[in-house]
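Undergrad: I am attaching a structure below and will ask some questions about it afterwards.
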Amino acid sequence: MTEHHEIIEAGWNFDNSYARLPEALFTRLDPTPVRLPKLSRFNEALAATLGLDAQALQSKEGVAVLAGNRVPEGASPLAQAYAGHQYGYFTMLGDGRALLLGEHITPSGDRVDIQLKGSGPTPYSRRGDGRAALGPMLREYIISEAMHALGIPTTRSLAVVTTGEPVFRETELQGAILTRVAASHIRVGTFQFAASAGNGEELRALADYTLQRHFPDADTGENRYLALLREVSKRQAELIAKWQLVGFVHGVMNTDNMALSGETIDYGPCAFIDAYDPATVFSSIDSQGRYAFGNQPSIAAWNLARLAEALLPLLHSDEDQAIQLAEAELSHFAELFQRHWLSGMRAKLGLLNEEPDDEALIEDLLNMMQKHRADYTNTFRALTFDKLEETGMSGSPEFIEWHKKWQARRGRQQESEAASHQLMKSSNPAVIPRNHRVEEALDAAVDEGDYSVMERLLDALSSPYEHSGKQAEYCSLPDPSSRRYRTYCGT
Ligand code: AMP
Ligand code: MG
């Protein structure tokens with residue numbers, strides 16, 4: 001009896017604080033059951049950190065929860081309402097194919113959202129079917145877990161289950177549901193929704209809630225809503241700098257895909273750059289290059305301005321003064337981003353102190369890399385291990401000149417060469433989820449039901465700064481024919 005009880009509960013410990021917010025912000029709704037749930041991938045390590053019983057979650061009852069066929073005790077499922085600027089245009093959105101089961105409180109007291117993505121239609125589905133396909137859900141699993149291992153704040157992936165039901169996109173695909181774990185799913189778009197709905201009560205409640213949940217220390221009395229804007233900007237500056245430092249292109253930085261927690265969210269058309277080029281775009285529908293690699297910092301600033309607009313009524317009763325306050329706050333973003341990026345770049349080059357010319361040294365390297373179409377990840381790895389021929393630039397006089405300058409610069413610091421090398425090792429990943437490797441893993445899993453390719457990839461991605469021998473195979477580049485990589489939004 002006891003054992004049965006344990007199997008069913010699996011350690012879930014739900015609280016539902018979001019469900020206590022004003023009703024306009026969500027719709028209560030249960031997941032739509034699926035025909036034949038089957039576990040596709042389960043994240044044992046994440047389950048352990050969440051205080052969940054991995055074995056119980058992989059049992060029949062456990063999988064029924066991950067498939068939305070059974071609502072666990074204490075959960076109170078709901079679809080969150082939000083709006084958003086998509087490619088610059090404002091739209092009403094909301095969880096169209098996801099449900100928040102509730103917030104799980106971990107044994108150490110952390111509060112995380114447990115969300116099922118692909119769990120069936122909701123009032124916010126518009127013309128969509130509310131479902132998701134196996135390939136894209138496994139892709140989110142792989143890339144989000146890789147981002148986490150790279151040290152980048154991100155939503156996590158606890159499990160993927162197949163539904164036993166088809167989903168129809170251009171072709172018939174296997175349906176799947178991802179269990180997403182997040183600090184929260186509060187987006188810039190959630191604030192845009194709150195600001196445009198109701199009488200102001202929703203907006204204030206959401207702002208107070210977000211402050212309490214994510215920035216309890218910022219709520220010190222002065223203008224608490226200005227403090228909220230400041231703290232969100234700080235986290236975004238840090239996050240986007242981390243993206244730029246590893247060459248991550250999010251691909252669809254609409255305001256509904258920017259989380260106030262500072263986590264990377266919504267892995268649709270994202271991908272990592274190979275040849276260094278700020279104009280890199282992977283998404284097939286981003287024809288204008290709005291969300292190109294090099295635009296990400298300025299798009300983040302644009303999105304923060306939309307957040308500030310939503311917050312205006314809370315910042316000051318006089319609109320002009322509210323605008324002034326918001327503008328003054330947001331004017332720091334570019335500098336904040338640059339500071340994080342520069343310090344990350346110094347680390348990538350093994351520089352432990354600061355010199356005024358560092359920025360020029362870094363820019364010179366990046367310009368050369370762009371000109372020679374040098375692979376971003378492999379170039380920094382080659383510099384780390386002094387394998388200059390692997391930069392693809394070693395024959396070039398300007399590179400030789402640059403290298404001399406860099407060596408001289410490293411020599412001028414007090415710290416030992418070993419410390420500098422160590423810093424480079426821990427700042428330059430050996431492996432990133434290279435597009436052709438991710439595709440290969442997904443093809444085997446989705447088409448053949450062979451998960452071994454994905455398992456090996458996930459293993460290599462789990463310790464990107466280890467630089468072990470077994471990771472070497474993941475450093476190789478795709479052959480030229482597959483280099484025009486495209487990602488698709490219709491996930
Ligand atoms: P995304 O591009 O994934 O950020 O999604 C944008 C909006 O479309 C969100 O409101 C999603 O919930 C919704 N959406 C995406 N795919 C579907 C689908 N298959 N069915 C219903 N809504 C969807
Ligand atoms: Mg989204």
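The values are calculated or read from the model by the stated rules, or taken from the named source; none is laboratory data. This is a predicted model, so every value here is computed, not measured. Reconstructed Cβ throughout: ideal geometry from the backbone, glycine too, with neighbour counts over all protein chains shown. Each accessible area value is taken on the protein alone, full model and side chains, heavy atoms only, with ligands, DNA and RNA left out. Shrake-Rupley method; radii C 1.70, N 1.55, O 1.52, S 1.80 Å.
Undergrad: Within the stretch 100-156, track down each residue that is over 14 Å from the mean Cα position of the chain (by Cα), away from ligand 1 (no atom under 16 Å from the Cβ) and open to solvent by 30 Å² or more (accessible area, probe 1.4 Å).
TA: Matches in the stretch 100-156: 105, 107, 108, 109, 110, 111.
Undergrad: So is residue 97 away from ligand 2 (no atom under 16 Å from the Cβ), open to solvent by 20 Å² or more (accessible area, probe 1.4 Å) and within 25 Å of residue 27 (Cα to Cα) or not?
TA: Spelling it out, it is not the case that residue 97 is away from ligand 2 (no atom under 16 Å from the Cβ), open to solvent by 20 Å² or more (accessible area, probe 1.4 Å) and within 25 Å of residue 27 (Cα to Cα).
Undergrad: Would you mention how many residues in the stretch 82-94 are within 12 Å of ligand 1 (Cβ to nearest atom) and open to solvent by 20 Å² or more (accessible area, probe 1.4 Å)?
TA: 6
Undergrad: Hey, among the residues in the stretch 167-176 that are modelled with pLDDT of 95 or more and exposed (fewer than 14 other Cβ atoms within 10 Å of the Cβ), which one's nearest to ligand 1 (Cβ to nearest atom)?
TA: Once the filter is applied, the top-ranked residue is 168.
Undergrad: Out of the residues in the stretch 266-290 that are surrounded by fewer than 23 Cβ atoms within 10 Å (Cβ to Cβ) and within 15 Å of ligand 1 (Cβ to nearest atom), state the one that is nearest to residue 378 (Cα to Cα).
TA: Filtering the stretch 266-290 for residues that are surrounded by fewer than 23 Cβ atoms within 10 Å (Cβ to Cβ) and within 15 Å of ligand 1 (Cβ to nearest atom), the one nearest to residue 378 (Cα to Cα) comes out as 282.
Undergrad: Can you name every residue in the stretch 275-295 that is of a type in the set (Asp, Glu) and farther than 9 Å from residue 251 by Cβ?
TA: Matches in the stretch 275-295: 277 only.
Undergrad: Here's another thing I want to ask about it. Criterion first (in a loop (DSSP other than H, G, I, E, B) and in contact with a helix residue (DSSP H, G or I) (Cβ under 8 Å, 6 or more places away or on another chain)) does residue 157 satisfy it?
TA: no
Undergrad: Quick one: which of 56, 75, 45 is assigned to a helix (DSSP H, G or I), open to solvent by 10 Å² or more (accessible area, probe 1.4 Å) and in the same structural domain as residue 176 (by TED's automatic domain parsing)?
TA: Going through 56, 75, 45 in turn, just one is assigned to a helix (DSSP H, G or I), open to solvent by 10 Å² or more (accessible area, probe 1.4 Å) and in the same structural domain as residue 176 (by TED's automatic domain parsing): 45.
Undergrad: Among the residues of the stretch 241-264, write down those that are within 11 Å of ligand 2 (Cβ to nearest atom), under 11 Å from the mean Cα position of the chain (by Cα) and polar (S, T, N, Q).
TA: 257 - this is the single residue of the stretch 241-264 that is within 11 Å of ligand 2 (Cβ to nearest atom), under 11 Å from the mean Cα position of the chain (by Cα) and polar (S, T, N, Q).
Undergrad: Given the condition over 25 Å from residue 92 (Cα atoms), assigned by TED's automatic domain parsing to the domain that holds residue 112 and in a loop (DSSP other than H, G, I, E, B), answer yes or no: does some residue in the stretch 171-180 qualify?
TA: Looking for residues that are over 25 Å from residue 92 (Cα atoms), assigned by TED's automatic domain parsing to the domain that holds residue 112 and in a loop (DSSP other than H, G, I, E, B), one finds at least one in the stretch 171-180, hence yes.
Undergrad: Return the residues of the stretch 30-42 that are touching an Asp or Glu at 6+ places or on another chain (Cβ under 9 Å) and surrounded by fewer than 20 Cβ atoms within 10 Å (Cβ to Cβ); say none if nothing qualifies.
TA: 35, 36
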